[in-house]
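A short write-up of the structure that comes next.
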Amino acid sequence: MELGKVKMTFFQGLGWLSIVLGLLTLLFINISLISGYQVPLMDNFSLLLYPAIISGAFSSFNKRSRSLGLWGLGLCAYIGLFIVCMFFLGWMVIPFP
């Protein structure tokens with residue numbers, strides 16, 4: 001295999017990893033919200049979120065895998081925005097637990 005093909009498949013693999021980890025994090029958030037368990041968001045989901053951000057950033061450097069990386073980074077940004085909004089909405093309801 002040529003080095004260019006290995007490099008291309010490596011960056012595309014990182015892009016797909018970013019997307020899969022972002023979707024898996026969304027799945028876990030939805031399961032925890034639907035089931036009603038009191039699961040702390042930042043303890044469990046940050047283990048999946050940080051590798052998704054890193055792999056999405058690396059895959060966005062290559063031209064062919066840029067769209068995959070941007071999709072992964074977009075999913076991570078959406079999850080981060082969701083966590084921040086849920087924190088502030090919960091804090092507005094009960095400011096001092």
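The values are calculated or read from the model by the stated rules, or taken from the named source; none is laboratory data. All of these numbers come straight from a predicted model, not from anything done at the bench. Here the Cβ is made from the backbone with ideal geometry for all residues, glycine too, and neighbour counts use every protein chain on show.
Brief remarks follow.
- Pairs are defined by a Cβ separation below 8 Å, a sequence spacing of at least 6 or placement on different chains, a first member in the stretch 48-62 that is assigned to a loop (DSSP other than H, G, I, E, B), and a second member that is of a type in the set (A, V, I, L, M, F, W, C) and at pLDDT below 90; the pairs so defined are 61/11; 62/8; 62/11.
- The residue pairs whose first member lies in the stretch 17-39 and is within 19 Å of residue 90 (Cα to Cα), whose second member is part of a helix (DSSP H, G or I), and whose beta carbons are closer than 6 Å, counting only pairs six or more residues apart or on different chains, are 39/32.
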